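Visitor: Handing you this structure, nothing more for now.
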Amino acid sequence: QKPSSFSAPNPPIYDKTYYKTKNMSNLQSLIYTNDGGYSPKLSVLDQLLVPHDKIYIPIPNVEAAWSVIRTMQIRGAPLIAIVACLGLSVDLATNAQTRTELDSITSKDDVLKFIFKKIEYLKTSRPTAVNLFNAMDELSHAIQNAGDTKEGIIQTVITHAEFMLQRDVADNKAIGNNGARDILENLPGHRTSVRLVTICNTGSLACASYGTALGVARSLFAMEKLESIYCLETRPYNQGSRLTAFEILEEKMPNGTLICDSAAAALMRTKGVDACVVGADRVCANGDTANKIGTLMLAICAHEHNIPFYVAAPFTTLDTKLENGDCIEIEERPANEIIETSRAPLNMPVWNPAFDVTPAKYITGIVTEKGVIRKGLGGVFDIQDFINQHKASAQKY
């Protein structure tokens with residue numbers, strides 16, 4: 001995998017009263033309002049402080065959106081994409097400096113260049129998750145086809161970003177239901193409920209609401225088919241112990257249990273597991289999948305114990321431009337993230353990749369809102385064929 005070093009720097013009709021991530025759980029990864037349809041405001045939950053504090057950070061411009069993404073105050077591939085889009089809409093509509101700069105621009109081409117520069121800046125926040133790039137590209141396409149007026153272009157950004165917010169919630173619920181059904185259909189005959197294992201955080205805090213892999217757990221819970229759920233702590237940022245454990249307790253999921261990352265194999269051997277479900281930041285043409293560091297280890301453990309291993313991710317995470325996992329750019333995080341959370345010597349050298357790549361051979365199925373991708377003849381995934389089958393039904397602007 002390619003390393004990446006950390007360095008700082010026709011709209012749909014829908015109810016405009018919908019802006020908070022609500023009705024799915026008690027958790028809100030973001031709060032978004034738009035009184036009158038022209039004054040968007042965005043705040044995001046500082047996930048570095050969860051579960052002990054719930055502090056919302058205002059996002060008045062693209063610089064603030066870039067910062068909360070880069071510093072992992074918000075994280076999760078779907079949420080990163082949504083915050084980038086909504087942050088851009090807030091910047092263009094209400095930020096005083098941006099509005100002053102726009103006042104000096106008259107031609108449509110120059111307005112588009114101004115916005116595209118902000119879009120390219122947002123793309124530099126984190127490199128591995130393809131959702132961010134796909135969302136920015138979709139937004140770019142939408143405004144290129146917008147009207148000729150400056151305000152019309154800005155309104156297109158706002159409207160389309162809000163559309164993407166709604167779509168994220170609907171897609172996540174479909175992912176949850178598709179994954180739950182597939183797991184249940186393939187349970188051994190003597191099993192009637194599911195003992196689930198997951199890593200990192202793929203729930204309400206990783207998306208606009210509901211979640212992807214943890215959304216599968218939510219759907220199983222709603223069907224009264226979730227027997228237990230184990231979450232790995234997910235070092236070094238502990239998204240599992242801080243965020244997923246928090247969501248499990250908030251949702252009152254049955255027999256929720258936190259384990260060390262290194263305990264997964266022992267859990268499978270001694271207590272029994274029916275399925276592993278993880279999220280994804282990018283799925284390549286052959287099914288190789290980038291996800292939070294530690295996912296590969298979990299997949300190998302599942303393979304050794306004959307446990308089905310599922311990836312749950314939106315359709316937009318499928319990236320057939322990359323042939324396999326060797327082509328994925330892997331973000332490397334600062335050394336202090338490990339040093340400070342492990343009490344290691346301050347001068348100890350550190351290697352801190354944020355993600356790893358799980359080869360397709362370890363993956364049972366890839367769950368999307370369009371359905372579950374399974375291996376065909378020869379035991380290989382044909383991601384492009386799945387995309388071709390469902391592209392026409394993909395909900396585009």
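Visitor: How much accessible area per residue does the chain have, in Å², with a 1.4 Å probe? Don't jump to the answer; show the numbers that get you there.
Guide: On the way: 16710 Å² over 397 residues.
On a per-residue basis, 42 Å².
Visitor: Quickly work out the Thr192-to-Gln384 label distance, labels modelled 7 Å from Cα along the C-beta direction, and quote it in nm with one decimal.
Guide: Roughly 4.7 nm, to one decimal.
Visitor: Follow-up. How much FRET efficiency would the formula 1/(1 + (r/R0)^6) give for Glu101 and Ala170, where r is the Cβ-Cβ distance and R0 is 30 Å, rounded to 0.05?
Guide: Details: r = 35 Å, r/R0 = 1.18.
Efficiency at R0 = 30 Å is approximately 0.25.
Visitor: Something else about it: Just the number, please: carbon plus sulfur as a percent of the accessible area of the range 150-308, 1.4 Å probe, no ligands or DNA/RNA counted.
Guide: Numbers: 2660 of 5230 Å².
Carbon and sulfur atoms account for 51 percent of the accessible area of the range 150-308.
Visitor: Hey, got the dipole for the chain? About the Cα centre, +1 on K and R Cβ, -1 on D and E Cβ, debye to the nearest 20?
Guide: Details: 39 positive and 43 negative charges, 120 e Å.
Rounded to the nearest 20 debye, it is 580 debye.
Visitor: Contour minus end-to-end for Cys327 and Lys113, with contour as 0.36 nm per residue of separation and end-to-end as the Cα-Cα distance?
Guide: On the way: separation 214, 0.36 × 214 = 77.04 nm, distance 2.96 nm.
Contour length minus the Cα-Cα distance gives 74.1 nm.
Visitor: If you don't mind, there's one more thing I want to ask. In the calculated pair distance distribution of the range 123-245, what percentage of Cα-Cα distances lie above 16 Å? Don't skip to the end; give the middle numbers.
Guide: Numbers: 5249 of 7503 pairs.
The share of Cα pairs beyond 16 Å in the range 123-245 comes to 70 percent.
Visitor: In whole Å, how far is the Cα centre of the range 342-387 from that of the range 244-314?
Guide: If we compute the Cα centre of each part, the gap is 11 Å.
Visitor: Test of understanding: express the Cα radius of gyration of the range 334-397 as a ratio to 2.2 N^0.38 Å, with N the residue count. Don't skip to the end; give the middle numbers.
Guide: Details: Rg = 19.8 Å, N = 64, 2.2 N^0.38 = 10.7 Å.
Relative to the 2.2 N^0.38 Å estimate, the range 334-397 comes out at 1.86.
Visitor: Checking the a/c ratio against 1.5 first, then a/b against b/c, what shape does the Cα gyration tensor give for the range 222-379? If you can, show how the numbers build up before the last one.
Guide: Numbers: a/c = 1.72, a/b = 1.11, b/c = 1.55.
Because a/c hits 1.5 or more and a/b fails to exceed b/c, the range 222-379 counts as oblate.
Visitor: So which of Lys41/Lys321; Lys54/Lys113; Lys271/Lys391; Lys118/Lys292; Lys173/Lys321; Lys118/Lys252 end up more than 32 Å apart, counting from Cα to Cα? It would help to have the intermediate numbers written out before the result.
Guide: Values: Lys41/Lys321 35 Å; Lys54/Lys113 37 Å; Lys271/Lys391 41 Å; Lys118/Lys292 27 Å; Lys173/Lys321 27 Å; Lys118/Lys252 41 Å.
The pairs that break the limit, which is 32 Å between Cα atoms, are Lys41/Lys321; Lys54/Lys113; Lys271/Lys391; Lys118/Lys252.
Visitor: Taking only Cα atoms of the range 33-83, what ratio of Rg to Rh do you get with Rh as the Kirkwood inverse-distance radius? Before the final figure, lay out the partial values.
Guide: Numbers: Rg = 11.5 Å, Rh = 11.6 Å.
Radius of gyration over Kirkwood radius for the range 33-83 works out to 1.00.
Visitor: Rg and Dmax of the range 228-303, Cα atoms, in Å?
Guide: 12.8, 37
Visitor: First obtain the Kirkwood hydrodynamic radius of the chain from its Cα pairs, then insert it into the Stokes-Einstein equation at 10 °C and 1.306 mPa s, and state the resulting D in µm² per second as a whole number. Provide the component values of the computation, followed by the final result.
Guide: Working: Rh = 21.4 Å.
It comes out at roughly 74 µm²/s.
Visitor: I've got another one for you. Of all DSSP beta bridges in the chain, what percent run antiparallel (nearest 5)?
Guide: Values: 20 of 43 bridges.
Roughly 45 percent of the DSSP beta bridges within the chain come out antiparallel.
Visitor: In addition: Taking the C-alpha atoms of the range 288-365, how large are the radius of gyration and the largest Cα-Cα span, Dmax, in Å?
Guide: For the range 288-365, the Cα radius of gyration and maximum Cα-Cα distance read 15.1, 43 Å.
Visitor: Next question, about the same structure. Please give the FRET efficiency for Ile55 paired with Asp35, using the beta carbon to beta carbon distance and R0 = 22 Å, rounded to the nearest 0.05.
Guide: Values: r = 23 Å, r/R0 = 1.05.
The pair Ile55/Asp35 has a calculated efficiency of 0.40.
Visitor: How do 153-159, 195-201 rank on mean C-beta neighbours within 10 Å, highest first? Walk me through the numbers before you get to the answer.
Guide: Details: 153-159: 22.1, 195-201: 27.3.
Taking the mean over residues of other Cβ atoms within 10 Å, the ranking is 195-201, 153-159.
Visitor: Quick check on packing: order 289-295, 350-356 by the mean number of other C-beta atoms within 10 Å, highest mean leading.
Guide: Numbers: 289-295: 26.9, 350-356: 18.4.
Highest to lowest by the protection proxy: 289-295, 350-356.
Visitor: Based only on the alpha carbon positions, what is the Kirkwood hydrodynamic radius of the range 45-181, in angstrom?
Guide: On the way: mean 1/r = 0.0636 Å⁻¹.
Mean inverse Cα-Cα distance, inverted, gives 15.7 Å.
Visitor: Next up: Where does the range 161-228 land on Rg(C-alpha)/(2.2 N^0.38 Å)?
Guide: On the way: Rg = 12.8 Å, N = 68, 2.2 N^0.38 = 10.9 Å.
Against the empirical 2.2 N^0.38 Å value, I get 1.17 for the range 161-228.
Visitor: Turning to a different aspect of this structure: Thr71 versus Ser342, label points 7 Å from Cα toward the beta carbon: distance in nm?
Guide: That separation, rounded to one decimal, is 2.4 nm.
The values are calculated or read from the model by the stated rules, or taken from the named source; none is laboratory data. Just so it is clear, the structure is predicted and the values come from calculations on it, not from any experiment. Cβ sites come from the backbone with ideal geometry, for glycine too, and all protein chains shown count toward neighbours. Accessible surface is based on the protein model in full, side chains and every heavy atom, while ligands, DNA and RNA are left aside. Shrake-Rupley method; radii C 1.70, N 1.55, O 1.52, S 1.80 Å.
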